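Notes follow the structure.
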Amino acid sequence: MPNTNPKISIIIPHWNGIDVLSECLDSLKQSTNASIEIIVSDNASSDGSQGWIKSNHPDIILLENDQNYGYAGGCNRGATIAKGDYFLFLNNDTIQDPNWIDPLILRMDSDSTIGAVQPKILNYYKRDLFDYAGGSGGFMDVLGFPFARGRVFLRQEKDLEQYNDSRQIFWASGTAICVRKDAFHQAGGFEESFFAHMEEIDLCWKFHLMGKQVYVEPKSVVYHKNAVSLPMQSHRKYYLNHRNSMLMILGNYTLPLSLYFFSIRFILEWVAFLYAFIKFDFNHMTAILRSLVWILVHPHIVIKKRLAISRLRKVKDKHILNKLYQGSLVLSHYILGKKKYSDLK
């Protein structure tokens, strides 16, 4: 029977891939915390996932969406029916340590100003390796390029317990992000125009603007099959990452900083385009062009986002800048040879 008074609602956005979801759900049911409800927000799967869930996991709450709303929209719709004090958004391509939930709850309970917390995220296939999607807590430079403790661009570190301290971070990974219910709703949830990729960074940016904190709690551990939904070098993944990163710059800073940082980022987009051209990486080339065209022809979405951010803002950009890496991650990594998170401090 569903838990009628859960402490935490685990919300899994899902679109196809019964085998992937099956392993995730089997792992979840080994979790030691009993005060949970599990919600699968199905984005109109075409592989029979809905019937399979009903037959094999009748205790799990199934939300059947009428179309594929992506990670952002699937999570938002799942949140509308969730009963927990905390929402834990979880990728379906994960498995978890049995005792992974309690450390997250303890961290959230320790301070009412914490808006979000993530576990340590390791690679499913190489379990001594930090996963690309989040590592042990995410950060970002002022130009919108994200990195994490344990991962800078494509370079991933081995987990030698060097990032086992719980600390404030800039963004918590959408692979497994626990958020406070009221803060999530106050922030307006995930930005659905993002569809997928970087929507969790945008949400955490909004939390910071609201005066909230974001944490990593490495006592909690999740293992992630990275790039199952979208391959690393697919056109769509490149496109969403470039587009959504620029949308954050244009939408989340005050106007003078938005224009200043976007002008620099615009130049770097063309540098990335030339680099992709030299490598004959047409997926990347066309994705960059597509993202720039999207930004150009969707000013109304940028304006709408800016208006929503202005209503949330309780702190000045100086507060945000103090939480960001002040230099250029591209310059530091590719020109100055700073390959690891520890090199950037």
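The table below lists the values:
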item: So Gln30, is it touching a strand residue (DSSP E or B) at 6+ places or on another chain (Cβ under 9 Å), part of a loop (DSSP other than H, G, I, E, B) and in contact (Cβ under 8 Å) with a residue 12 or more places away in the chain; result: yes
item: Every pair of residues 6+ apart whose Cβ atoms lie under 8 Å, when the first sits in the stretch 256-280 and is on the phi > 0 side of the Ramachandran plot while the second is part of a helix (DSSP H, G or I); result: none
item: Selection within the stretch 175-195 - of a type in the set (Gly, Ala, Ser), buried (at least 24 other Cβ atoms within 10 Å of the Cβ) and within 13 Å of the chain's Cα centre (by Cα); result: Ala176
item: Residue among Asp59, Asp19, Asp66, Asp42 that alone is touching a residue at least 24 places away in the same chain (Cβ under 8 Å) and either within 29 Å of Lys237 (Cβ to Cβ) or in the same structural domain as Asn241 (by TED's automatic domain parsing) (or both); result: Asp42
item: Subset of the stretch 296-333 (residues that are within 18 Å of Ala187 (Cα to Cα), in contact with a Leu (Cβ under 8 Å, 6 or more places away or on another chain) and assigned to a helix (DSSP H, G or I)); result: Ile301, Val302, Lys305, Arg306, Ile309, Leu312, Asp317, Ile320
item: Selected residue (criterion: surrounded by the most Cβ atoms within 10 Å (Cβ to Cβ)) from residues of the stretch 35-60 that are under 20 Å from Asn76 (Cβ atoms) and of a type in the set (Ser, Thr, Tyr); result: Ser41
item: Qualifying residue in the stretch 69-84 (condition: under 18 Å from the mean Cα position of the chain (by Cα) and without any contact (Cβ under 8 Å) to a residue 60 or more places away in the chain); result: yes
item: Selected residue [out of contact with any Cys (no Cβ under 7 Å at 6 or more places or on another chain), assigned to a strand (DSSP E or B) and either over 20 Å from Gln162 (Cα atoms) or modelled with pLDDT of 95 or more (or both)] from Gly135, Gly144, Gly115; result: Gly115
item: Test: residue in the stretch 294-307 that is under 21 Å from the mean Cα position of the chain (by Cα), more than 26 Å from Tyr132 (Cβ to Cβ) and of a type outside the set (Lys, Arg); result: yes
item: Which listed residue, of Leu21, Leu90, Leu104, is modelled with pLDDT of 95 or more, surrounded by 20 or more Cβ atoms within 10 Å (Cβ to Cβ) and either touching a Cys at 6+ places or on another chain (Cβ under 7 Å) or polar (S, T, N, Q) (or both); result: Leu104
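For (1) in contact with a strand residue (DSSP E or B) (Cβ under 8 Å, 6 or more places away or on another chain); (2) modelled with pLDDT of 95 or more; (3) buried (at least 18 other Cβ atoms within 10 Å of the Cβ), each residue gets a yes or a no:
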position: Lys212; (1), (2), (3): yes, yes, yes
position: Tyr215; (1), (2), (3): yes, yes, yes
position: Asn226; (1), (2), (3): yes, no, yes
position: Leu240; (1), (2), (3): no, yes, yes
position: Leu247; (1), (2), (3): no, yes, yes
position: Leu250; (1), (2), (3): no, yes, yes
position: Leu255; (1), (2), (3): no, yes, no
position: Ser263; (1), (2), (3): no, yes, no
position: Leu268; (1), (2), (3): no, yes, no
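The values are calculated or read from the model by the stated rules, or taken from the named source; none is laboratory data. As the structure is a computational prediction, the values presented were derived from the model and not from experiment. Heads up, the Cβs are rebuilt from the backbone with ideal geometry, glycines too, and the neighbour counts pull from every protein chain shown.
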